[in-house]
Every structure is written in structure tokens, then in C-alpha cells.
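Visitor: Before anything else, here's the structure in question.
Just so you know, all these numbers are worked out from the coordinates, no wet-lab data involved. All values derive from a computational prediction rather than experimental measurement. We place every Cβ from the backbone using ideal geometry, glycine too, and count neighbours over all the protein chains shown.
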Amino acid sequence: MSAAARAKTSASCRPGDSGFFRDQGLGMKLASKLKFRKKLLSEQIDARVSSGIATLSGGVSSQQHIVLALNIASDVEGIHCINNFLRVGPPTPAAPPPY
């Protein structure tokens, strides 16, 4: 089964079960799977989960790394949809805090 079949990757995502601790747990699980995958060690991928919807953002070094990150996210039980904002290139600098 393809990653797209396991978890939708589009704007058609609809919120599922929500809960702060559930989302935090899924986010930590996803982030650790991405962080400790050997091919993704040097990539800067931000992963967040809200209502079972994962949002991936950041810059990676290749299109293959985007596909790998999407496959990893789709394998996490409890994530039913993925918003993909990953792109090939350097990570976008964070905005400075407002004063």
C-alpha cells in the first residue's frame, strides 16, 4: 500500500480525534522517527500534529528525502492526514519575535 493510500496528503484533510496530549504524543513519536532515520539525520524537518493531521515543514536536500519523510509520517498510527510543506533547499529562517 502506498503512502498516499495510507494517509492523505492534501488540503482535503479533515480534523479527527483531538486532544492536547494525544496530539503531543503523536508529534513526539513522528519527530523522533524523522530525527533518528539515518538518511534524515542532517535535515531540518519541523513536524507538528493537530487533530490527527501531521504538518511537515522545512527544507531538505532532495526530493527523495521528502518522499521518505511522508512515508514515515504515514506509518505513524493515529495520523490520518499529512500537510506537506517540505521543499528542497535550505530551511526558512525563523521570524524574529515581536517586541
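Visitor: Name the residues whose placed amide hydrogens come within less than 5 Å of the amide hydrogen of Val60, ignoring near sequence neighbours (fewer than 5 apart) on the same chain.
Guide: Sorted by chain and number, the residues that satisfy this are Arg87, Val88, Gly89.
Visitor: Here is a follow-up. How much net charge surrounds His65 when only other residues with a Cβ under 10 Å from its Cβ are counted (Lys, Arg +1; Asp, Glu -1)?
Guide: Summing Lys/Arg as +1 and Asp/Glu as -1 gives +1.
Visitor: Checking the cross-link filter: which aspartates and glutamates have an alpha carbon closer than 12 Å to that of Lys35, excluding same-chain neighbours under 8 positions apart?
Guide: Filter leaves Glu43, Asp46.
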